[in-house]
1. Please list, ordered by residue number, the strands (runs of 3 or more DSSP E) wholly in the range 86-136 having 1 or more residues that are aromatic (Phe, Trp, Tyr) and touching a strand residue (DSSP E or B) at 6+ places or on another chain (Cβ under 9 Å).
2. Given the conditions (1) within 22 Å of Pro144 (Cα to Cα); (2) modelled with pLDDT under 75, and given that Ala99 satisfies all but one, which numbered condition is not satisfied?
Amino acid sequence: MKFDEIDKVAKLMKEYELTEFSLESEDMRLKIKRGATDAGVSAPSVPVYPAQASATPPPQAAGESPVSTGEAAEVTEGMVTIDSPIVGTFYASPAPDAAPFVKAGQEVDEETVVCIVEAMKVMNEIKAECSGTIRRVLVENATPVEYGQPMFELEPA
């Protein structure tokens, strides 16, 4: 098999979102894998949507705390943060035209989904993991987040 044929197979895999391709003949064996290979990992059933093209944040409702644009947001004393457990892209809502999971002033519990962090085309729902009131959203929608980066400031209950 020639390089351009292998390249064509790789492009078709990407186009049809295939994760594995295998081909065997008498004189050759070809196996291509894409993406995560952990057999125990499954993607949650959350809709996939592309990042918004606009670089400007959406207008804020009255009484809503401003979103911090700095990477290291200052955390108010007595507050706890909800940090990103992985490197990826932060999404505040399940779809571009949907309401955000949480807003400033909203009460949450341990099981409340607060956002999605996309990593390697897998949408990971992030839960609050503690009870309290969201005081600030520290990350803009559709922006990259690092491991351990604070995404929300929470006043514990």
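The values are calculated or read from the model by the stated rules, or taken from the named source; none is laboratory data. This structure is a prediction, so every number in the text was calculated from the model and none was measured. Don't worry about glycine lacking a Cβ; one is built from the backbone with ideal geometry, like all the others, and counts go over all protein chains shown.
1. The qualifying strands (runs of 3 or more DSSP E) are 88-91.
2. With (1) within 22 Å of Pro144 (Cα to Cα); (2) modelled with pLDDT under 75 applied to Ala99, the lone miss is (2).
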